Structures are given as C-alpha cells and as structure tokens.
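*Asks:* Sharing a structure here in structure tokens format.
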Amino acid sequence: MNKLLFTALALLPITFFFTVGTNEKTRFSIVDIAEKSMVQINDNCSGVVVDTEKGLVATANHCIYRNPNGIVKMEFFGKNEDGSYSKEARYGSVVCTSKYKDIAIVKVPGGLKGKIAVPFAKETPAVGTVVYAIGNPVGWESFVTKGVISNNYYLWTKDMYDGIAYHTGLASYVSDVVIAGGSSGGPLVNEDGELLGLTNWRNDYANLTLITPFDGVEKEMKRCSA
C-alpha cells in the first residue's frame, strides 16, 4: 500500500452525545474516543473497545488469525501532559471470529475499567454521512481522518483483496476516508459518536476504503459474549 498523507484532527471542536443507562447522558469528544476506545493490535493493526465490563475489543480477523493459541497483544493509549502518548500493554484471548466478514472479538481478562465502549449505530448510514476513522496508520498512534460514506451497499469481488475469494459477495460500506496499513480493524464513527463499522481495506487507485458494517460486528459480539 502506498504511503499516504494523514491529517490529525485531534483538536476538532466535535462533541459526541449518547445515552448511558436510562436518563444519564455522557459527553465524549472525538479526543476521548481516540484516547479511551482505540486499541493497537499486535503492533500492526487497530481495534476498538465495544464492552468495558466484559472487556471486549473488536478488530479485523486478518489482524489476529495467525496468533498462536489465540492470544492477542493489545496496547491502550494514554496522553501525557506534554502531549506525547503512553501505552499500556494487555493480553487477551480471541473468543469469536468470522473469516468471511473479517471480524474478530478479543476478550481482556478483568474488563476495561476507565475505557469507553463506543455504542453501535442504529441504522445504515446514508450516502454522504460524515464519518471519522480512528486508527494507527503505519504505526502512528490514534490518528483521526474525516470523510463521507460514498456507498452504503457494495459487494466485494474476489480480486479486490489480494486474490482472496472468501469475501466474494460480502456487502460493505465504502468511504473516501483515508486509512493505511495499521488502520485495519479500527473504528469508523459518525458525528453522533456511534460505531458504523471497522475499517478494512483501501484501494489507493480509487481513493476509497471498505468498511465492515456495524451490524455484523454487533452480532458477532453478542454471539461471543452470550
């Protein structure tokens, strides 16, 4: 994949609101989500916290399928007073995967206290919806890029993913949001702070990125944690 130029949007004046519990509303900024939901997977991929109590992290299956005994190294970011990032290494076990949908759910023992579980979206995003991808492009920590949904129902063809045919017929979202190697499995969120899916694969010639839809991720999480 070609080297790409990224724009860090850490200071965007964007605030996400969503309901926690019944009546209480918690305010999270894009900075909060980048710093408290973002996970680096195996030093070369990304993931996102989807359940803090159960310690569940969602990522792409192609990021973890070679892990011996299903043990995954994860690094959680924190920001220091001087603006630099610190990392906390944790290890979790793969509890569920879908090779076809390219989804994996990893469980961290003891839960993820102090982190943020990004809530799932409630409906398919419309074409033109503004979105934000958070990931670790080429190893850079918690970078944010902005784009729109270019297509909300696109079927994979077998030659799109390095000749791997098992994605053929899989429906994905498409966005012009920029990602690169290291971003795979990271969250794509809308302006309401909802998880639309996981970034998966980018075609540099078309300047488009394929997104694993949130409903598949949510179903996989529920299946694994039942």
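*Asks:* So how far apart, in nm, are the two label points at residue 73 and residue 168 if each is 7 Å from Cα heading toward Cβ?
*Replies:* Spacing of the two 7 Å Cα→Cβ label points: 3.7 nm.
*Asks:* For residue 100 and residue 85, calculate 0.36 nm times their separation in residues minus their Cα-Cα distance, and state this gained length in nm to one decimal. Before the final figure, lay out each step's value.
*Replies:* On the way: separation 15, 0.36 × 15 = 5.40 nm, distance 3.44 nm.
Extending this stretch completely gives an extra 2.0 nm.
*Asks:* To continue, here is another question. For the pairs 146/222; 79/146; 73/113, note any where the Cα-Cα span goes beyond 20 Å. Walk me through the intermediate numbers first.
*Replies:* Numbers: 146/222 29 Å; 79/146 22 Å; 73/113 18 Å.
Result: 146/222; 79/146 exceed 20 Å.
*Asks:* With a Cα-only, solvent-free Debye model of the stretch 51-141, what are the log10 I(q)/I(0) values at q = 0.18, 0.21, 0.25 Å⁻¹?
*Replies:* Evaluating at q = 0.18, 0.21, 0.25 Å⁻¹ gives log10 I(q)/I(0) of -1.02, -1.25, -1.40.
*Asks:* Can you list the aspartates and glutamates whose alpha carbon is less than 16 Å from that of residue 115, not counting same-chain residues fewer than 8 positions off?
*Replies:* 32, 35, 51, 53, 75, 88, 194
*Asks:* Right, another one. Roughly how many Å² is the accessible area per residue of the stretch 74-200, as a whole number, for a 1.4 Å probe?
*Replies:* Values: 5480 Å² over 127 residues.
Averaged over the residues of the stretch 74-200, the accessible area is 43 Å².
*Asks:* Further question: Residue 148 to residue 203: FRET efficiency via 1/(1 + (r/R0)^6), r the Cβ-Cβ distance, R0 22 Å, to the nearest 0.05? Mind showing how you got there, number by number?
*Replies:* Values: r = 16 Å, r/R0 = 0.74.
The calculated FRET efficiency here is 0.85.
*Asks:* Ok, one more. What FRET efficiency do you get for residue 155 and residue 120 if R0 is 22 Å and r is their Cβ-Cβ distance, rounded to the nearest 0.05? The partial results should precede the final answer.
*Replies:* Details: r = 23 Å, r/R0 = 1.02.
It comes to 0.45.
The values are calculated or read from the model by the stated rules, or taken from the named source; none is laboratory data. What you see is a predicted model, and the numbers here were worked out from it, not measured in a lab. Cβ: placed from backbone, ideal geometry, glycine included. Neighbour counts: every protein chain shown. For the accessible areas, the whole protein counts, side chains as well, though only heavy atoms, and no ligand, DNA or RNA atoms are used. Shrake-Rupley method; radii C 1.70, N 1.55, O 1.52, S 1.80 Å.
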